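The values are calculated or read from the model by the stated rules, or taken from the named source; none is laboratory data. Model, not experiment: these values are computed from the prediction. With ideal geometry, Cβ positions are generated from the backbone for all residues, glycine too; neighbour counts draw on all protein chains shown.
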């Protein structure tokens, strides 16, 4: 991604037009969008009830090309009578628009797990992890735990670092870090309760993790990406950002 485009995304991400906490917006029965504030930072939160709606991973279209944009995904789903209720970019990807790690869709592994532990970049900050959905609902497992337990994932995306693991903030994060960006991530509160979150200002890893732990009460949360992060909401002006590889979609 080039620097100029990254700066545009950062500016737009700070003005995501959603409703205040006093008036949360229900997109559909099972999906709620809110704006929450914590520690002087604001966050857009999409809360998903998996008992009422479905959450799926998407990477390539019917022509075997990466979707890249929320709009393209929305159009293809609409052709099949499926409504896209909300969407967010998935895990970190490479320059060819391929996931850097695991990608599973409808039980089919489209990209293999990345077990490398020592390399440059946020993806490799340990522990990294996998957000997945299986027969038991939603889970976030560290990559090593995923390797050890070999769960049957129906949908999955891998990224890093883990923000919160077993109710503990990643020990590598510093409270007063100057490393601040617009960030997005996913937290699992229960097997049927998932929160997709994007910050509306530049924040540190520690502050982002604390929001998942202390406000959303997610015992496990995973960082997805930084300054290219985007959020799709129906009838909003904040749905034109891209391009991405994997996309997390909430569908009716």
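Quick check on this structure: which one of 169, 140 is more than 17 Å from the chain's Cα centre (by Cα) and buried (at least 16 other Cβ atoms within 10 Å of the Cβ)?
169
For residue 51, are the conditions met, namely being touching a residue at least 40 places away in the same chain (Cβ under 8 Å), assigned to a loop (DSSP other than H, G, I, E, B) and either within 17 Å of the chain's Cα centre (by Cα) or crowded, with 16+ Cβ neighbours inside 10 Å (or both)?
It is false that residue 51 is touching a residue at least 40 places away in the same chain (Cβ under 8 Å), assigned to a loop (DSSP other than H, G, I, E, B) and either within 17 Å of the chain's Cα centre (by Cα) or crowded, with 16+ Cβ neighbours inside 10 Å (or both).
Using the structure shown, decide if residue 187 is within 22 Å of residue 110 (Cβ to Cβ), in contact with a helix residue (DSSP H, G or I) (Cβ under 7 Å, 6 or more places away or on another chain) and surrounded by 21 or more Cβ atoms within 10 Å (Cβ to Cβ).
Answer is no for this residue.
Identify all residues within the stretch 30-74 that are in contact with a strand residue (DSSP E or B) (Cβ under 9 Å, 6 or more places away or on another chain) and farther than 21 Å from residue 156 by Cα; write none if there are none.
Matches in the stretch 30-74: 32, 33, 34, 35, 36, 37, 39, 41, 42, 43, 44, 71.
Against the condition more than 20 Å from the chain's Cα centre (by Cα), closer than 19 Å to residue 48 by Cα and without any contact (Cβ under 8 Å) to a residue 60 or more places away in the chain, how does residue 153 come out, does it pass?
Answer is no for this residue.
Go through the stretch 81-100 residue by residue and tally those that are assigned to a loop (DSSP other than H, G, I, E, B) and touching a strand residue (DSSP E or B) at 6+ places or on another chain (Cβ under 9 Å).
So the answer is 9.
Quick test of your reading of the structure: residue 75 fulfils all but one of (1) in contact with a helix residue (DSSP H, G or I) (Cβ under 8 Å, 6 or more places away or on another chain); (2) more than 18 Å from residue 196 (Cα to Cα); (3) not in a loop (DSSP other than H, G, I, E, B). Name the failing condition by number.
(1)
Which of the residues spanning the stretch 75-113 are buried (at least 18 other Cβ atoms within 10 Å of the Cβ) and without any contact (Cβ under 8 Å) to a residue 60 or more places away in the chain?
100, 101, 102, 104, 105, 111
Of all residues in the stretch 228-239, which are part of a loop (DSSP other than H, G, I, E, B), in contact with a helix residue (DSSP H, G or I) (Cβ under 8 Å, 6 or more places away or on another chain) and modelled with pLDDT of 80 or more?
Those that are part of a loop (DSSP other than H, G, I, E, B), in contact with a helix residue (DSSP H, G or I) (Cβ under 8 Å, 6 or more places away or on another chain) and modelled with pLDDT of 80 or more: 228, 229, 230.
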